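Participant: Supplied in structure tokens, the structure appears directly below.
The values are calculated or read from the model by the stated rules, or taken from the named source; none is laboratory data. Only a predicted model underlies this, so the values are computations on that prediction, with no experimental measurement involved. Cβ placement follows ideal geometry from the backbone for every residue including glycine, while neighbour counts extend to all protein chains displayed. Side chains included, ligands, DNA and RNA excluded: accessible areas come from the protein's heavy atoms. Shrake-Rupley method; radii C 1.70, N 1.55, O 1.52, S 1.80 Å.
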Amino acid sequence: MNIHVPGTATETITLIRTLGPAGTNCEAAAHHYCDARGLKADIALHATLEDAIEKVIVEPGSALLGCVVYPDLHQLVFPYLGRMVLADLFLFDTFNMVLASRDAGIPIRTVATHPAPRSLVPGGVEAHLATSNSEAARLCRSGKMDACITTLAAARQEGLTVLKDHGAVPMGFTIHVPTPGA
């Protein structure tokens, strides 16, 4: 499903900036968007979408890809009225969301998680916020956390053991572009 806002120039996008590091749902959604729209756009990954939008507002041909469950998504819309516009919205299934650890036998006291899937953290353990699902997996792999809520792809990439698979999540993703003529 795609909802394109008439009067916005998404067909001229040559660069999509979104949440990194490599392996995020946002990165996968950006590749999907380019493939579905026939765009030949580069994809740049950022620690936060707030960092990315600062570049998008000054780069012709660039766009910001966000996720509807991104914390404070409204802060990427209202402060930029007149300079940015929500130009497109599409649905794309996330990677399977999982609870993973370095070793299934270790007790879980701390769990790294991006704020969006925080409710998947098991009760009775301490949640520590990460900037992305991929970063949560890296924190777990490094031994800084006992476990993480992450994507199946990131868990595999980091060599983690999946303790619980919550499955894929049908998700909305947004495309923001500079306001024409701004």
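Participant: Only one of these is of a type in the set (Gly, Ala, Ser), under 20 Å from THR24 (Cα atoms) and in contact with a Ser or Thr (Cβ under 6 Å, 6 or more places away or on another chain): ALA52, ALA41, ALA63. Name it. Can you show your working first?
Facilitator: Working: ALA52 fails: in contact with a Ser or Thr (Cβ under 6 Å, 6 or more places away or on another chain); ALA63 fails: in contact with a Ser or Thr (Cβ under 6 Å, 6 or more places away or on another chain).
Answer to the check: ALA41.
Rundown of residues vs (1) closer than 21 Å to LEU19 by Cα; (2) modelled with pLDDT of 95 or more, yes/no style:
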position	(1), (2)
LEU99	yes, yes
ARG109	no, yes
HIS128	yes, yes
GLU135	yes, no
ILE149	yes, yes
PRO178	yes, no
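Participant: With respect to ALA87, is the statement that it is open to solvent by less than 20 Å² (accessible area, probe 1.4 Å), in a strand (DSSP E or B) and under 21 Å from ALA147 (Cβ atoms) true? Quick ask: steps written out before the conclusion?
Facilitator: Working: open to solvent by less than 20 Å² (accessible area, probe 1.4 Å): yes; in a strand (DSSP E or B): yes; under 21 Å from ALA147 (Cβ atoms): no.
No: the conditions fail for ALA87.
Participant: Being touching a Phe, Trp or Tyr at 6+ places or on another chain (Cβ under 8 Å), part of a helix (DSSP H, G or I) and of a type in the set (A, V, I, L, M), is that true of even one residue in segment 37-45? Break it down stepwise before answering.
Facilitator: Start the filter on segment 37-45 by keeping residues that are touching a Phe, Trp or Tyr at 6+ places or on another chain (Cβ under 8 Å), which leaves 39.
Checking the rest, the ones that are also part of a helix (DSSP H, G or I) come to none.
Within segment 37-45, not a single residue is touching a Phe, Trp or Tyr at 6+ places or on another chain (Cβ under 8 Å), part of a helix (DSSP H, G or I) and of a type in the set (A, V, I, L, M).
Participant: Now for a separate question. Kindly provide the set of residues from segment 117-175 that are free of Cβ contacts under 8 Å to residues at least 12 places away in the same chain, within 14 Å of SER101 (Cβ to Cβ) and outside any helix (DSSP H, G or I), ordered by number.
Facilitator: From segment 117-175, those free of Cβ contacts under 8 Å to residues at least 12 places away in the same chain are 119, 123-124, 142, 156; that's our starting set.
The next check asks that each one be within 14 Å of SER101 (Cβ to Cβ); those that pass are 142, 156.
Of everything in segment 117-175, just one residue is free of Cβ contacts under 8 Å to residues at least 12 places away in the same chain, within 14 Å of SER101 (Cβ to Cβ) and outside any helix (DSSP H, G or I), namely SER142.
Participant: Now, a different point. Restricting attention to segment 156-182, which residues are closer than 19 Å to CYS67 by Cβ and open to solvent by less than 40 Å² (accessible area, probe 1.4 Å)? Outline the logic, then answer.
Facilitator: Restricting attention to segment 156-182, the residues satisfying the condition of being closer than 19 Å to CYS67 by Cβ are 166-177.
GLY167, MET171, GLY172, PHE173, THR174, ILE175, HIS176, VAL177, listed by residue number.
Participant: Now, a different point. Given (1) closer than 16 Å to THR131 by Cα; (2) surrounded by 17 or more Cβ atoms within 10 Å (Cβ to Cβ); (3) free of Cβ contacts under 8 Å to residues at least 24 places away in the same chain, where does CYS34 come up short, assuming only one miss?
Facilitator: Result: CYS34 passes all but (1).
Participant: Would you point out the residue of segment 1-25, among those that are in a helix (DSSP H, G or I) and either among the polar types (S, T, N, Q) or at pLDDT 95 or above (or both), that is most open to solvent (accessible area, probe 1.4 Å)?
Facilitator: Start the filter on segment 1-25 by keeping residues that are in a helix (DSSP H, G or I), which leaves 10-12, 25.
Right, trim to either among the polar types (S, T, N, Q) or at pLDDT 95 or above (or both) and you get 10, 12, 25.
Details: THR10: 3, THR12: 80, ASN25: 18 Å².
Only one residue tops the list, namely THR12.
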